[in-house]
Amino acid sequence: DLFMQSEGNRVHCARLEHRADLPEGKVSLMLQFPSSDDYGNPENWQVFRVWWGRKPIMAGDISGVAGANTYDSVHKKKLFISGLSKLHMDPEVDLRRAELERAFRKYGGRQGLVTVSVQKNSTFAFVEVATEQQADLALLEMKDRYKLNKARRTKHEALIEKRAAEEAAASGKVTDTIDW
């Protein structure tokens, strides 16, 4: 949990999550802060206190706190690929998209369909596969070829998915089934 202190009052502002569960026993951990905000403006951090280890959540129920990370922030089926060479022209973007579609086709279900998002002047891409199981399999099998993780969701994406699931449940539709 992340707290901000102002005039003697401690205010909860965020819950930072581990990307993976901590293993049992003694492990090494690294604390990283972003050096710039979403718009590229530099950010300065002052860390006053850090506690490492297993400890119960300090803030308790924060469901009513605006901006608190109370949703599952990882996409189930979307992968984030980083460390790619920078693309400067549209033909390069098209080639990268085709390369990733070919590489991840086997994780696209029965039809082999994957959704690839590549931006010009970027060193990353997103690939969405058919199921969560296939995303996990792609992470294992493609880790030697690409630097990849499951993509993070925004709060807006989480709310849209929650609303779609509620509407599907109300109408009796089944969503997110495995298509074998």
**Message:** Given a 1.4 angstrom probe, what's the average accessible area per residue across the stretch 75-180, in square angstrom?
**Reply:** 66 Å²
**Item:** Nearest-10 value in Å² for the accessible area of residue 122, using the 1.4 Å probe
**Value:** 10 Å²
**Message:** With every protein chain left in place and a probe of 1.4 Å, what is the accessible surface of residue 142, to the nearest 10 Å²?
**Reply:** 20 Å²
**Item:** FRET efficiency, residue 84 to residue 44 (Cβ-Cβ, R0 30 Å, nearest 0.05)
**Value:** 0.55
**Request:** Give the calculated FRET efficiency between residue 170 and residue 119 to the nearest 0.05, with a Förster radius of 35 Å applied to their Cβ-Cβ distance.
**Result:** 0.45
**Request:** Quick one: what are the phi-derived ³J(HN,Hα) couplings along the stretch 155-160, Karplus 6.51/-1.76/1.60 with θ = phi - 60°, whole Hz, x for glycine and proline?
**Result:** 4, 4, 4, 5, 5, 5
**Message:** Once neighbouring chains are kept in place and the probe is 1.4 Å, which whole percent of the accessible area of the stretch 87-132 is contributed by carbon and sulfur?
**Reply:** 50 percent
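The values are calculated or read from the model by the stated rules, or taken from the named source; none is laboratory data. Everything numeric in this text was worked out from a predicted model, so none of it was measured. Every residue, glycine among them, receives a Cβ derived from its backbone with ideal geometry; neighbour counts consider all protein chains shown. Heavy atoms of the whole protein, side chains included, go into the accessibility calculation; ligands, DNA and RNA do not. Shrake-Rupley method; radii C 1.70, N 1.55, O 1.52, S 1.80 Å.
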